[in-house]
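The next block holds one structure in the form of structure tokens; read it before the comments.
The values are calculated or read from the model by the stated rules, or taken from the named source; none is laboratory data. Every value quoted in this text rests on a predicted model; they were computed, and no experiment measured them. Every residue, glycine as well, gets a Cβ built from its backbone with ideal geometry; the counts of neighbours run over all protein chains shown.
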Amino acid sequence: MDTMNIQECTAVSEKDLSTAVFDEQGALYTFRYQKLIKCPNIKGFVQIHPNTRYIANYAFSGCELNKILLPNSIKAIGHHAFHASSLEFIEIPDSVQIIGHDAFRWCENLQYVSLPSQLSELQKSTFQKCKCLKSLYIPESVLSIEGGCFQGCIYNHRTTKTNQKYPSVNL
């Protein structure tokens, strides 16, 4: 896996804003749609532009979307990217190398998550307070789960085989 600095990839600079463009859904992107900066409060389904490589920090924070389609071009999801959104389901493509801390924190409606097969770590508080989480597959590639990653999750279904690798992760 390439070494990637998530802050460099997902932070929004003045240059990003000076060349920003809107798509047909009203989402704000950097030039050529490389980074999704901010999405308006779209209810329901959101589809990300196929050229997008990065989702900026706080891009969907507080949004009322319930499902999102991420293209295979996405490399990184920023810190707090979906924080406190109404997201219910997300399939994160295998192209994603990094998911920032608190990315899905307080997504109280989040039920189903599919993580990329090559993800190596879950950063702090990634799924904290996702109280409706029913299904989360942790791939064998995950070597580290940071503190608070699943704090406040209520999980009353069976864990997957790979979750047994992390007995301290009590969903």
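Name the residues in the range 1-48 that are in a helix (DSSP H, G or I) and surrounded by 13 or more Cβ atoms within 10 Å (Cβ to Cβ), would you?
We begin by selecting, within the range 1-48, every residue in a helix (DSSP H, G or I); these are 6-10, 14-18, 31-33.
Once the filter is applied, which keeps residues that are in a helix (DSSP H, G or I) and surrounded by 13 or more Cβ atoms within 10 Å (Cβ to Cβ), the range 1-48 yields Ile6, Cys9, Thr10, Asp16, Tyr33.
Residue pairs, Cβ under 8 Å, 6 or more apart or interchain, first in the range 62-78 and farther than 18 Å from Glu88 by Cα, second among the aromatic types (Phe, Trp, Tyr) and at pLDDT 95 or above. List them.
Sorted first by the residue in the range 62-78, then by its partner, the pairs are Ile74/Tyr54; Lys75/Tyr54; Ala76/Tyr54; Gly78/Tyr54; Gly78/Tyr58.
Asn51 is checked against (1) assigned to a loop (DSSP other than H, G, I, E, B); (2) surrounded by 15 or more Cβ atoms within 10 Å (Cβ to Cβ); (3) in contact with a helix residue (DSSP H, G or I) (Cβ under 7 Å, 6 or more places away or on another chain) and fails just one. What number does that condition carry?
The failed condition is (2).
Using the structure shown, decide if Ala11 is in contact (Cβ under 8 Å) with a residue 24 or more places away in the chain and over 14 Å from the mean Cα position of the chain (by Cα). Let's see the steps before the verdict.
Details: in contact (Cβ under 8 Å) with a residue 24 or more places away in the chain: yes; over 14 Å from the mean Cα position of the chain (by Cα): yes.
Yes, satisfied.
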